[in-house]
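Here's the structure, in structure tokens; my notes come after.
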Amino acid sequence: MKKIIILGVLAGIILSVPLSLAIIRWKSENRGIIINHWRVSMRTGNFGANYLLRAAIAVHSLGNAIPEEAMFFQGFFDHEGKKLNGRNRYRIRFRAGDPPPVDAFWSLTVYDRDGWLVPNPIDRYSLSDRSRGLVFNKDNSLDIYIQHESPYQNRSNWLPAPEGEFTISLRAYLPKKELLDLTWMIPPIERMVGIPEGGK
């Protein structure tokens, strides 16, 4: 009987880590409010005793601030609800005069499925309103391209993605009222099927 108990405890210890990580990853992908297939939590920095939420957010965002200081939108899915994957090409289009409304700055960062930055040939890990050389469209909208291979044009707007599954974060520092009350509509992550680069 003692042997069975010991084996049960050992099995529990061995399985606890992968099961815990699976639960945390699920929570990370299924937390907060969904807007255009992005997830945003208004409880960052205010976890209380919700340790699962704290762990889920820590997977991608260590040391989170309260929403009034910074908001974090997590993109796991494209505009059709399919998981992001480097086999595809994606575009985020900020309409003219409608970037993330912030009093400080915003940035986009790509991570691999495990939450790590992705090594890439141009050593680019984020794009933001402070990035030099961004190319705007004729109508003054801004396209950010997320893909594994370099685009043929507008390379300064390219955010390299890994070959497999990945996530993308939009960080908004000192968000304005329309972000805090969620009336600003974050653009979807469009999978570019049949859309030429730089196309409408």
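Results, tabulated for the structure shown:
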quantity: Approximate spin-label separation K176-E68, in nm, with each point projected 7 Å along Cα-to-Cβ; calculated: 1.9 nm
quantity: Per-residue HN-Hα couplings for the range 128-136 [Karplus 6.51, -1.76, 1.60; θ = phi - 60°; Hz; x = Gly/Pro]; calculated: 8, 5, 9, 5, 7, x, 4, 9, 8
quantity: Per-residue HN-Hα couplings for the range 153-166 [Karplus 6.51, -1.76, 1.60; θ = phi - 60°; Hz; x = Gly/Pro]; calculated: 9, 6, 4, 5, 9, 8, 10, x, 10, x, 6, x, 5, 8
quantity: Mean-position separation - Cα centroids, the range 122-190 and the range 1-23, in angstrom; calculated: 43 Å
quantity: Kirkwood Rh, angstrom, the chain [1 / mean 1/r, Cα pairs]; calculated: 18.2 Å
quantity: Within the range 96-165, GluC sites (Glu not before Pro) in DSSP loop having at most 16 other beta-carbon neighbours inside 10 Å; calculated: E149, E163
quantity: 0 to 90° range, to nearest 10: angle between helix 2-29 axis and the chain longest Cα axis; calculated: 20 degrees
quantity: Value of relative contact order over the chain, rounded to a whole percent, pairs C-alpha under 8 Å and six or more apart; calculated: 27 percent
quantity: Pairwise FRET efficiency - Y51 versus I6, Cβ, R0 = 30 Å, nearest 0.05; calculated: 0.60
quantity: Derived scalar couplings ³J(HN,Hα) [the range 100-111; Karplus, 6.51 cos²θ - 1.76 cosθ + 1.60; whole Hz; x for Gly, Pro]; calculated: x, x, 9, 9, 10, 7, 10, 8, 10, 9, 9, 10
quantity: Extended-chain gain in nm, criterion 0.36 nm per residue less alpha-carbon gap, S156 and S141; calculated: 3.9 nm
quantity: Distant-in-sequence amide H partners of V102 (H built 1.01 Å from N, under 5 Å); calculated: K176
quantity: Amide H contacts of H148 (H built 1.01 Å from N, under 5 Å, at least 5 apart or other chain); calculated: A161
quantity: Inter-label distance for E80 and A22, nm, one decimal - labels placed 7 Å from Cα along Cα-to-Cβ; calculated: 2.8 nm
quantity: Long-range HN-HN contacts of Q153 with modeled amide H, under 5 Å; calculated: none
quantity: FRET E, pair I13, R93, Förster distance 35 Å, beta-carbon r, rounded to 0.05; calculated: 0.10
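Every read-out reported here was derived from the displayed coordinates using simple, explicitly stated rules and does not represent laboratory data. What you are looking at is a predicted structure, and each value in this text was computed from that prediction instead of being measured. Cβ coordinates were reconstructed from backbone atoms using ideal geometry, including for glycine residues, and neighbour counts include every protein chain displayed.
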